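Single-structure report; data block below.
Since every read-out is calculated from the coordinates, none of them should be taken as a lab result. Keep in mind the model is a prediction, meaning the values are calculated, not measured. Note that each Cβ is placed from the backbone with ideal geometry, even for glycine, and that neighbours are counted across all protein chains shown.
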């Protein structure tokens, strides 16, 4: 990696102060810099741009930060999170009509039952007033609580029809949760924006089922993005040792975990000898070895003409941003961007069309072509 250059940057159109640049070069002779726009963040698991140009940041340890004009304000009345291992304050997403209704949605590992049995994934919505969260509503709480500290899932996305999609990982109970639609965990869910169940959800009429479930057989999805042209929800999910996947989500479909997988146990033993079975969906792409994917965004900006229409996926394990080139929903090539800058947690296309990436132990950077 080339030497980090410390510079003084001008304010962007969103009045975000830059601190440092790192130069990179793409394989298609596309030069870009990774400009740090928010520094001194530990793990910015999720972030969103507000209409006034500020950035709302969810730090995994449980802090929500509002950043604007070089100033950061800690938001008050954030719910208690169980910050342990992979748990904490996780994703954050604005309602598509935020400017009119003010709703902010976020996910976290929480315990609303007031017991001592650990936590599970919570989806809450709230409004922001005078730097405090108000009108807080839990719109989904996965059960049961467990003291296991991994596989919360927790990405959030809205589709073109205003439905709210989110993920809950298998919570470390792979042999029970993912294949049982009567249990939370290992699922993609769909709700109306107020938390009610859409009448056409695939399992809504099945007695005992989790009616919010939209698809099942997932391990731990930590990337979710809406394909603007097709309107489909895409996800990626962590495999075990090998077998990270990209999937296009369809109503009622079974994505196979752990009955089929391209991965193995961390000790090298076999999970299953099957990579495909009738009635179970195949990923459009999988990684062996695992890259530990986190964050996902489609590039829809003319600022990066040779990248437009393709997909970005962060790698926690190998510390790069992965440019996944697509053709007819198939992966045709991959390219490592921002190598060795740090563990990539989240990637977004900002309202200004630039790519923004949160990097653990660094902050939020912006990719600037030159």
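Averaging Cα coordinates gives a centre for segment 26-86 and one for segment 151-223; these two points are 26 Å apart. Label-to-label distance, residue 182 versus residue 241, with points set 7 angstrom from Cα along the beta-carbon direction: 3.5 nm.
When peptides 188-196, 118-126 are ranked by their average number of other Cβ atoms within 10 Å per residue, the highest-first order is 118-126, 188-196. Taken over the C-alpha atoms, the chain has Rg and Dmax values of 19.7, 61 angstrom. Would you work out if segment 172-305 is rounded, prolate or oblate? Take a ≥ b ≥ c from the square roots of the eigenvalues of the alpha-carbon gyration tensor; rounded if a/c is under 1.5, else prolate when a/b is larger than b/c, oblate otherwise. It is oblate, given that a/c is not under 1.5 and a/b is not larger than b/c. Judged by the ratio a/c of the largest to the smallest principal axis of the C-alpha gyration tensor, segment 76-290 counts as prolate, that ratio being 1.5 or greater while a/b is larger than b/c. Modelled label positions at residue 117 and residue 28, each set 7 Å beyond Cα in the direction of Cβ, lie 5.2 nm from each other. Protection proxy ranking of 103-112, 39-48, by the mean of other Cβ atoms within 10 Å over each peptide's residues and highest first, is 103-112, 39-48. The distance separating the Cα centre of segment 311-347 from that of segment 89-132 comes to 28 Å. Going by the alpha-carbon gyration tensor, a ≥ b ≥ c the square roots of its eigenvalues, is segment 226-370 rounded (a/c under 1.5) or, if a/c is not under 1.5, prolate (a/b greater than b/c) versus oblate? Oblate shape, in that a/c is at least 1.5 and b/c is the bigger or equal ratio.
Based on DSSP H runs of at least 4 residues, each adding -39500 (n - 2.57), what is the mean residue ellipticity at 222 nm of the chain after dividing by all its residues, to the nearest 500 deg cm²/dmol? Could the numbers behind the result be given before it?
Numbers: 1 runs with 4 residues, N = 370.
Dividing the helical sum by the residues of the chain leaves 0 deg cm²/dmol.
The value obtained for segment 161-239, namely the Cα convex hull volume divided by the number of residues, is 92 Å³ per residue. Packing-based ranking of 236-245, 67-76 yields 236-245, 67-76, ordered from highest to lowest mean Cβ neighbour count within 10 Å.
Per the Cauchy relation, a quarter of the hull surface: what is the mean projected area of the convex hull of the alpha carbons in segment 231-292, in nm²? Could you put the intermediate results ahead of the total?
On the way: hull surface 17.1 nm².
Orientation-averaged projected area of the Cα hull: 4.3 nm².
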